[in-house]
Every structure is written in structure tokens, then in C-alpha cells.
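Take this structure first; my questions come after.
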Amino acid sequence: MSDLVTTVPAPGGDPDVPVIVALRDVRAAYGAIEVLHGITVEVPTGSVVALLGPNGAGKTTTISVASGLMPVSGGALEIAGRDVTGVGATELARAGVCTVPEGRGVFPNLTVSENLLMASYTGVPRAEIRDVAFARFPRLAERRNQLAGTMSGGEQQMLAMARALGTDPVVLMLDELSMGLAPKIVSQLYEQVAAIAAEGVSVLVVEQFARSVLGVADHAVVMAHGTVQWSGPAGDLDDDLLTTTYLGGP
């Protein structure tokens with residue numbers, strides 16, 4: 001997958017850090033109802049970008065567009081500087097774009113090991129997929145023969161992430177990683193997100209609960225009503241802006 005990464009500098013950003021995913025002035029609609037109104041979102045290589053905002057902000061739609069699951073009605077989707085607008089999810093997945101959807105998406109009637117082997121279609125050896133998954137998430141090794149549907153929500157999220165990483169992605173997109181999970185588990189998962197990015201995988205994570213992700217995010221994008229309200233380094237994000245965005249107000 002590494003041939004996908006090219007030196008495409010982020011406009012206004014660090015010229016030495018290539019942008020791996022970019023939505024440029026993207027518009028998207030469900031039927032006649034437009035839900036994204038010309039948004040621009042960039043994911044630099046090897047970084048964690050947090051996509052924040054209240055319910056209905058357009059966060060999941062943004063990930064759907066970025067992963068090829070939803071067409072755009074305007075603007076462009078770029079992967080490593082290449083215009084891939086209109087390219088479908090299957091082709092983008094082959095190019096290294098991997099998504100963990102809201103609700104985890106594990107196969108409940110398969111064991112942990114069987115779920116992991118579903119990632120072997122990319123050509124990565126089965127033993128390597130298991131070894132990497134169990135090293136990153138030791139709890140999965142303990143439950144390798146357990147049906148995924150009988151595990152806790154946190155363990156299922158670990159399995160979904162491990163299976164996604166087994167495809168050797170260039171970009172990992174996570175939708176509502178913390179939903180329904182205890183704070184301790186969320187903290188552990190975000191530690192792994194930071195480690196994944198440190199290994200060179202770019203991560204775009206949708207998160208309703210901003211505090212959960214800002215500790216590991218390099219960049220943040222705040223959305224509301226299908227528009228980008230703010231974008232920049234995560235450490236520069238103002239508490240007042242978050243409060244206004246989430247609770248409404250002038």
C-alpha cells in the first residue's frame with residue numbers, strides 16, 4: 001500500500017507532511033436534501049484527525065464520502081493527491097482505505113480467530129494477522145476461540161480495529177469509537193489509536209465526545225449543520241467554541 005503515499009503538502013500546513021486524504025469543497029446529499037455544504041477536510045500522513053460535532057453535524061456522512069460509500073454532488077475527494085471522486089468503496093479499500101463503522105461490524109457468530117481471518121483476503125498471511133492482532137490486543141488472544149457476539153462492547157471494538165489493521169491500511173477511519181464504552185476502555189483504545197498513527201497509518205476518527213479523543217489527536221475538525229466550523233491543531237481548539245458548537249448559540 002505504501003505506493004499510495006506521495007509528497008502532497010497540505011495547503012497552509014507543513015510542506016514536509018503529505019496529505020493522504022482530502023475532501024475539497026465537498027457537497028453531498030440524500031436525495032434532494034443536501035447534508036454536506038462545501039466542506040474541506042484534510043488528513044496528513046501518520047496523523048490522528050478528530051472529526052467532532054454534535055449529532056446531525058454530518059460527521060458520519062463525511063466518513064462515508066471519504067471511504068467511497070457515498071457519492072459527492074460537488075467538490076472532490078483526493079487520495080494522496082489523486083482525484084478519486086466517484087471511485088467506489090471496494091476500489092478505495094484495495095488502495096488502503098479501511099473503515100470501522102459505528103457499531104463495530106464484527107461477525108457475531110464467528111470466533112475471534114475466524115473474524116481476524118476475514119482480513120486475509122488482502123494477501124496478508126493468516127499467522128501474521130493473528131500475531132499482530134494478539135500482540136496489540138492481548139485480550140483478544142485470551143478469547144481467540146470465543147464467539148465475537150458474546151464479548152463485551154470494548155472487546156468487540158478491539159476486534160474490529162484489529163481486523164481492520166490486518167488489511168495493512170494506509171488510512172483507518174473510525175466512526176464513534178467510544179460509543180457505549182466505559183471511560184477506561186475508551187482510554188485504552190485511544191492509546192492504541194496513537195500507537196497506530198505513530199507507525200505511519202493515518203487515522204480519521206469521528207467522535208461525539210470531544211474530550212475522549214483530543215488527548216491523542218494531532219488535528220481537529222469541528223462540524224455543525226453540515227459545515228466545518230473550525231479546523232486546526234487539536235491543541236489550539238478553544239473550549240468556548242466546543243461548548244457553542246455542541247450546545248448551540250451565537
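The values are calculated or read from the model by the stated rules, or taken from the named source; none is laboratory data. Given the structure is predicted, the values throughout are model-derived calculations rather than measurements. Note that we place each Cβ from the backbone using ideal geometry, even for glycine, and neighbour counts take in every protein chain shown.
Could you please find all residues in segment 37-56 being among the hydrophobic types (A, V, I, L, M, F, W, C) and within 16 Å of Met173 (Cα to Cα)?
Hits for segment 37-56 are Val41, Val43, Val48, Val49, Ala50, Leu51, Leu52.
Right, next: For segment 211-222, state whether one or more residues are touching a Leu at 6+ places or on another chain (Cβ under 7 Å), β-branched (Val, Ile, Thr) and in the same structural domain as Val49 (by TED's automatic domain parsing).
Yes, segment 211-222 contains at least one residue that is touching a Leu at 6+ places or on another chain (Cβ under 7 Å), β-branched (Val, Ile, Thr) and in the same structural domain as Val49 (by TED's automatic domain parsing).
Yes or no, residue by residue, for (1) out of contact with any strand residue (DSSP E or B) (no Cβ under 8 Å at 6 or more places or on another chain); (2) farther than 24 Å from Leu214 by Cβ; (3) acidic (Asp, Glu):
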residue	(1), (2), (3)
Val19	no, no, no
Ala28	no, yes, no
Gly31	yes, yes, no
Leu36	no, no, no
Val43	no, no, no
Ala50	no, no, no
Val65	no, no, no
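Something else about it: Taking the condition under 27 Å from Glu207 (Cα atoms), assigned to a helix (DSSP H, G or I) and within 22 Å of the chain's Cα centre (by Cα), does Leu117 pass? Please lay out each step first, then the result.
Working: under 27 Å from Glu207 (Cα atoms): no; assigned to a helix (DSSP H, G or I): yes; within 22 Å of the chain's Cα centre (by Cα): yes.
When the stated conditions are applied, Leu117 does not pass them.
Determine whether segment 66-75 contains at least one residue that is at pLDDT 90 or above, in a helix (DSSP H, G or I) and in the same structural domain as His225 (by TED's automatic domain parsing).
yes
Does Arg130 count as surrounded by fewer than 22 Cβ atoms within 10 Å (Cβ to Cβ), more than 30 Å from Tyr246 (Cβ to Cβ) and touching a helix residue (DSSP H, G or I) at 6+ places or on another chain (Cβ under 6 Å)?
Against the criterion (surrounded by fewer than 22 Cβ atoms within 10 Å (Cβ to Cβ), more than 30 Å from Tyr246 (Cβ to Cβ) and touching a helix residue (DSSP H, G or I) at 6+ places or on another chain (Cβ under 6 Å)), Arg130 qualifies.
Looking for something of a type in the set (D, E, K, R), out of contact with any Leu (no Cβ under 8 Å at 6 or more places or on another chain) and under 26 Å from Ala162 (Cα atoms) - is there at least one such residue anywhere in segment 57-70?
no
Also, quick follow-up: For residues that are within 17 Å of Glu155 (Cα to Cα) and β-branched (Val, Ile, Thr), scanning just segment 94-118, find the one that is surrounded by the most Cβ atoms within 10 Å (Cβ to Cβ).
Val112
Continuing with the same structure: If you check every pair at least six apart or on different chains, which have Cβ atoms under 6 Å apart with a residue in segment 65-92 that is in contact (Cβ under 8 Å) with a residue 12 or more places away in the chain first and a residue that is basic (Lys, Arg) and part of a strand (DSSP E or B) second?
Ser73/Arg27; Gly74/Arg27; Gly75/Arg24; Gly75/Arg27; Ala76/Arg24
From Ser178, Ser231, Ser202, Ser187, grab the single residue that is more than 21 Å from Glu42 (Cα to Cα), in the same structural domain as Ala80 (by TED's automatic domain parsing) and either modelled with pLDDT of 95 or more or crowded, with 20+ Cβ neighbours inside 10 Å (or both).
Values: Ser231 fails: more than 21 Å from Glu42 (Cα to Cα); Ser202 fails: more than 21 Å from Glu42 (Cα to Cα); Ser187 fails: either modelled with pLDDT of 95 or more or crowded, with 20+ Cβ neighbours inside 10 Å (or both).
From the options Ser178, Ser231, Ser202, Ser187, the qualifying one is Ser178.
Shifting gears a bit: How many of the residues making up segment 137-165 are under 19 Å from Glu199 (Cα atoms) and surrounded by fewer than 16 Cβ atoms within 10 Å (Cβ to Cβ)?
The total comes to 1.
Can I ask one more? Is it true that Gln146 is of a type in the set (S, T, N, Q), out of contact with any Leu (no Cβ under 7 Å at 6 or more places or on another chain) and at pLDDT 95 or above?
Numbers: of a type in the set (S, T, N, Q): yes; out of contact with any Leu (no Cβ under 7 Å at 6 or more places or on another chain): yes; at pLDDT 95 or above: yes.
For Gln146, the condition - of a type in the set (S, T, N, Q), out of contact with any Leu (no Cβ under 7 Å at 6 or more places or on another chain) and at pLDDT 95 or above - is met.
Consider Leu92 against the criteria (1) in a helix (DSSP H, G or I); (2) farther than 22 Å from His219 by Cβ; (3) not acidic (Asp, Glu): it satisfies all of them except one. Which criterion is unmet?
(2)
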